[in-house]
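S.K.: A single structure is presented below for examination.
The values are calculated or read from the model by the stated rules, or taken from the named source; none is laboratory data. The structure displayed is predicted, hence computed values, not measured ones. Here the Cβ is made from the backbone with ideal geometry for all residues, glycine too, and neighbour counts use every protein chain on show.
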Amino acid sequence: MSANLPNKYNRIAEQLRKRIESGELSGTLPGVKQLALDYDVNFMTVNKAINQLEAENLVYRISRKGTYVRKQRNVVLAFCDPNPHLLEASFYGPLVSAVQSSLNRCNCFMIFENLYGRSSRSMTSLAQRVDGMILTSGVGTPFLEAMEGKPCIRVMGVTDPGCRFDHISYDSAKVGRIAAEYLAGRGHRRIGFLGYAHSDLFRERFESFRQALRERDIVLWEPPPAPRFSNELLTKQLEAWLAEKERPTGVFCSTDYEAGFCCNFLYEHGLKPQRDLDIIGCNNDIFGSMMMPQALPASIELCSAEIGRQAAVLLLDRINGLEAPRVVRKFAPRLVPPEEYGRRILRGRINAPEKQGEWNA
């Protein structure tokens, strides 16, 4: 037989897989001997095929009872935002991919849903179709009530002490401290903050940044507030920086998008990033791929892929009956210096950490 042709058990596994996915086979699989007769092969070949399906989580065995088709689960990845394309943002990319990959390996189908503006009737209808939910910050109470006790895992956002759901995120306060330590360590004594700082998550990030500078007797320059994400408001902040007689020499931007916008603003005004203004952002966004290596700011890794993987695993455990106290897990963010950021861009791994993320209990 040619090396390029599949083995017999691979062909049997593929045919059984199609019958399971089409719904033709459900519940208990026919016995090994019966399948061997059906496919005109020996029982060892059938056994290898079933082993392969078991490794794919399509079936499971119970000793002395038989082999059973694993029920396909449906999970909703929900968000609630006026922007219907929110989860398409590059920041969410690693999170969404990790959740989907983890669920696919366990024969679990993922549904994307924006709950913004949805009626309670449509939310109830959606809740009836799913076995569990992974929800980003911003999802409101009506849908949580519609889930009627089905397991839910929150990801991202700040921890709500009164929330009864598991929550996996990153330490947002530590993001601010890392930014302050980085800029202070480079000798800056007058430092600014640019961007959005009004939601709970970004306010926590900003307040820890402010406190860390205060502890080091460093002057914090605050531009006009930006009550929402807006290029226009960010431009006004940068124009205020440009007009300062004693300009801050370092700046923390609330996201990497804003750090990239800041770099472009400097070029437009004949200035150079990391020379005329030292910049650090966070989220490891994709903007850096369009910048020269010497102009790249530092960034802060938020471990979004690992958060997605752990959320998916925990949700499936809950769906399968795990009863345990509420899990609250915060990953420790880490500094990504400009040179490391540049190496990631060259490898095409903008959001991938160079080492596995660690988490704080």
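S.K.: Among the residues of the stretch 19-51, write down those that are acidic (Asp, Glu) and within 36 Å of the chain's Cα centre (by Cα).
M.R.: Step one: filter the stretch 19-51 for residues acidic (Asp, Glu), giving 21, 24, 38, 40.
Answer for the stretch 19-51, where residues must be acidic (Asp, Glu) and within 36 Å of the chain's Cα centre (by Cα): 21, 24.
S.K.: Take the conditions out of contact with any His (no Cβ under 8 Å at 6 or more places or on another chain) and either crowded, with 17+ Cβ neighbours inside 10 Å or closer than 18 Å to residue 310 by Cβ (or both) and apply them to residue 101. Does it pass?
M.R.: Criteria met by residue 101.
S.K.: Among the residues of the stretch 79-131 satisfying the criterion of being in a loop (DSSP other than H, G, I, E, B) and of a type in the set (S, T, N, Q), which is nearest to residue 255 (Cα to Cα)?
M.R.: Step by step, filter the stretch 79-131, then rank; the result is 90.
S.K.: Another question, then. Residues being over 25 Å from residue 70 (Cβ atoms) and at pLDDT 80 or above: count how many of those fall in the stretch 284-330. Spell out how you get there, then give the answer.
M.R.: Applying the first criterion (over 25 Å from residue 70 (Cβ atoms)) to the stretch 284-330 yields 284-307, 325-326, 328-330.
Those still in the list that are at pLDDT 80 or above too: 296-307, 325-326, 328-330.
Qualifying residue count, the stretch 284-330: 17.
S.K.: Further, regarding this structure: Here are 186, 214, 177: which of them is free of Cβ contacts under 8 Å to residues at least 12 places away in the same chain and outside the structural domain of residue 89 (by TED's automatic domain parsing)?
M.R.: That would be 214, the only listed residue that is free of Cβ contacts under 8 Å to residues at least 12 places away in the same chain and outside the structural domain of residue 89 (by TED's automatic domain parsing).
S.K.: Looking at the stretch 141-182 only, could you name the residues that are β-branched (Val, Ile, Thr) and touching a strand residue (DSSP E or B) at 6+ places or on another chain (Cβ under 9 Å)? Please lay out each step first, then the result.
M.R.: To start, the set of residues in the stretch 141-182 that are β-branched (Val, Ile, Thr) comprises 141, 153, 155, 158-159, 168, 175, 178.
Those that are β-branched (Val, Ile, Thr) and touching a strand residue (DSSP E or B) at 6+ places or on another chain (Cβ under 9 Å): 153, 155, 158, 159, 168, 175, 178.
S.K.: Hey, residue 68 hits all of (1) part of a loop (DSSP other than H, G, I, E, B); (2) among the aromatic types (Phe, Trp, Tyr); (3) surrounded by fewer than 18 Cβ atoms within 10 Å (Cβ to Cβ) but one; which does it fall short on?
M.R.: All conditions are met except number (1).
S.K.: In the set 105, 70, which member is under 19 Å from the mean Cα position of the chain (by Cα) and of a type in the set (D, E, K, R)?
M.R.: Details: 70 fails: under 19 Å from the mean Cα position of the chain (by Cα).
That would be 105, the only listed residue that is under 19 Å from the mean Cα position of the chain (by Cα) and of a type in the set (D, E, K, R).
S.K.: So, one more: Test residue 344 against the stated conditions and say whether it is modelled with pLDDT under 80, in a helix (DSSP H, G or I) and of a type in the set (Lys, Arg).
M.R.: Working: modelled with pLDDT under 80: yes; in a helix (DSSP H, G or I): yes; of a type in the set (Lys, Arg): yes.
Criteria met by residue 344.
S.K.: Next up: Filter the stretch 1-60 down to the residues that are at pLDDT 85 or above and at positive phi and list them by number.
M.R.: 40
S.K.: Among the candidates 53, 87, which residue alone is surrounded by 13 or more Cβ atoms within 10 Å (Cβ to Cβ) and either farther than 19 Å from residue 316 by Cα or aromatic (Phe, Trp, Tyr) (or both)?
M.R.: Result: 87 is the single residue among 53, 87 that is surrounded by 13 or more Cβ atoms within 10 Å (Cβ to Cβ) and either farther than 19 Å from residue 316 by Cα or aromatic (Phe, Trp, Tyr) (or both).
S.K.: Would you mind finding the one in 105, 17 that is charged (D, E, K, R) and not assigned by TED's automatic domain parsing to the domain that holds residue 127?
M.R.: Only one candidate qualifies: 17.
S.K.: Next question, about the same structure. Just to be sure before I move on: is residue 133 among the hydrophobic types (A, V, I, L, M, F, W, C) and either farther than 19 Å from residue 316 by Cα or more than 20 Å from the chain's Cα centre (by Cα) (or both) in the structure I sent?
M.R.: no
S.K.: Give the residue that is surrounded by the most Cβ atoms within 10 Å (Cβ to Cβ), with candidates limited to residues of the stretch 143-165 that are assigned to a loop (DSSP other than H, G, I, E, B), under 18 Å from the mean Cα position of the chain (by Cα) and not small (Gly, Ala, Ser).
M.R.: Applying the filter and picking the extreme gives 156.
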